[in-house]
Amino acid sequence: MMQIHKIAWMAGIIILSIALASIHATPRGSPIHVPRLAPAASLQGAFTYVADFEYVGKPLSYYGVEPITGAAPAIVQEPSYWGEPSLESIASSTPQIDIIKPGLVVAGDQFISFQVAINYGSGSGFFGLVNRSYAPVAVVGVSNGYVWAGPNLTDLRPIESLSNLTDSLYPPGWVLLMVNVYDAASPSNKSAGWVMQVFVDGTYMPPAEVAVPQAGNYYTAAIITTNGTAYYSNVVVTSLEIPTYLQKYNNMEGYGQGSGLLASLLPPFYNLTTLVLLRHWESPQAGILSFQINAMNYYGATRSSCVGFFQIGVDLDPNGTIAPWYVPGKNCFAHYFFNESTMNPAVLSGIPTPNNTLLKLTIFYNASAKEIMFEIYDYNTDQAWIHFIPYNGTPFYATYSQLEFQYAYTNYPIEDYVFNGTMFNIRITLINGTVSTPPPSYMIPFELDAPPTWDLTYYNVNSSGYYELAK
């Protein structure tokens, strides 16, 4: 499987080089809305585990969490992570250890990502991978005012002081830890061993790297509270890559799968819709920050490519304006709806719409007419933008959302772009006509060079969506 990751990385670098060459060789026109770029996961051994603790009152086994030592944990409403309930874990005379039921985390992979939000109010709490004896082999956590990481609980090093996180947009008292654990061996360095990359509240800075030589023996994941009371939320363990630090690529974050990053394909579908509530935004420059959702055909779902990669979204522009656009499954260039008559590729200043604008985004494949329809409807101004393109390919198999920043074109720092919005009621219509919502096990989070002033909160299964914040 590691060889698959290396091949994917090489392919991704080629795509990146082409995209960057296009960005810097092309005069400022339509922004390039690039697909995700990260090592693609093989479907062999691929898995996702999500514990969002939303179903208060359900048995704990619903999430596959099994207590091993200490007091049994409890799901509580407070403290909440952006409104999401948390798992309360109390250590008394011994650590309180809960494992994820073996099998929900697939053993034997050579690349694992996980994330966990930990409330560091009064305890020392850790999360990570454990072996068959439930001993840690790669662990991160919070204790005594620091984020710690190491191969076990007796060999930890400080990663970040919590006092340095004052500018973070994450909820007070919480820290979001995102981790990659993988076999770093390569043909040129076969003895590199397993390493762990640790990101704290975003992926804007290079990760801390820690050697975890026994991580290849992982069996499952575990919550370990060593002292006092700790709270855990927004837990995800997957064979996909959640955090990525790349530089010289569009900053982005969102939920879902595709562009070669797959744990599973969705059943084939022909219609993707979502609602977007634009509560508030501030932008010093047009065409830089955008909010969108993507549908990919089979080719686009299984490869990091502009081909078979269909997008619809809006630029969040200055003076309360938005610019609606679509990407027609090739070249990744945004096509603005209100440029259709002139085909002018330049970024325009957008159209005015008030705060709390509600939009409906649609990508619809009409197989009988052999065309795809892109539509954005603004409920506040009663405007609709519609465009059709010819298409005779496969149905869609994947979707993910994006908050995206055009780093190569901006004249201002990323912190100057403010956004508060919600994407919800994400729905797909299957070939047989069934309408469904992607579950949390499919809507996996990702962050690529995302600053701590961004936060995509958590995916709420009850609303089939999430809050997206930028400050």
Handout entry: Condition check for Asp98: acidic (Asp, Glu) and either in a loop (DSSP other than H, G, I, E, B) or open to solvent by 10 Å² or more (accessible area, probe 1.4 Å) (or both)
Key = no
Exercise for the section: Looking only at the stretch 422-442, decide whether some residue is within 20 Å of Pro35 (Cα to Cα) and part of a loop (DSSP other than H, G, I, E, B). Expected result: yes
Practice task
Spot the failing condition for Asn411; the list is (1) over 28 Å from Arg303 (Cβ atoms); (2) part of a strand (DSSP E or B), and only one is missed.
Solution key: (2)
Practice task
Scan the stretch 290-309 for residues that are over 18 Å from the mean Cα position of the chain (by Cα) and among the aromatic types (Phe, Trp, Tyr) and report the count.
Solution key: 2
Problem - In the stretch 367-396, the residues that are in contact with a Phe, Trp or Tyr (Cβ under 8 Å, 6 or more places away or on another chain) and open to solvent by less than 50 Å² (accessible area, probe 1.4 Å) - result: Ile372, Met373, Phe374, Glu375, Ile376, Trp385, His387, Ile389, Tyr391, Gly393, Pro395, Phe396
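Give the stretch 348-364 a look and list any residue that's outside any strand (DSSP E or B), at pLDDT 90 or above and surrounded by 14 or more Cβ atoms within 10 Å (Cβ to Cβ), or say none. Quick ask: steps written out before the conclusion?
Of the residues in the stretch 348-364, the ones outside any strand (DSSP E or B) are 348-350, 353-356.
The next check asks that each one be at pLDDT 90 or above; those that pass are 353-356.
Correct list: Thr353 only.
Can you pull out the residues in the stretch 84-95 that are open to solvent by 10 Å² or more (accessible area, probe 1.4 Å) and under 22 Å from Pro59 (Cβ atoms)? Spell out the reasoning first.
Filtering the stretch 84-95 for residues open to solvent by 10 Å² or more (accessible area, probe 1.4 Å) gives 88, 90-95.
Of everything in the stretch 84-95, those that are open to solvent by 10 Å² or more (accessible area, probe 1.4 Å) and under 22 Å from Pro59 (Cβ atoms) turn out to be Glu88, Ile90.
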Exercise for the section: Identify the residue in the stretch 206-228 that is open to solvent by less than 30 Å² (accessible area, probe 1.4 Å) and assigned to a strand (DSSP E or B) and, among all such residues, is nearest to Ser124 (Cα to Cα). Expected result: Thr225
Practice task
Given the conditions (1) touching a Pro at 6+ places or on another chain (Cβ under 7 Å); (2) within 16 Å of Ile223 (Cα to Cα); (3) among the small types (Gly, Ala, Ser), report the number of the one that Gly141 does not fulfil.
Solution key: (1)
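The values are calculated or read from the model by the stated rules, or taken from the named source; none is laboratory data. Because the structure is a prediction, the values reported are computed rather than measured. Note that we place each Cβ from the backbone using ideal geometry, even for glycine, and neighbour counts take in every protein chain shown. With ligands, DNA and RNA removed, areas are computed over all heavy atoms of the protein, side chains included. Shrake-Rupley method; radii C 1.70, N 1.55, O 1.52, S 1.80 Å.
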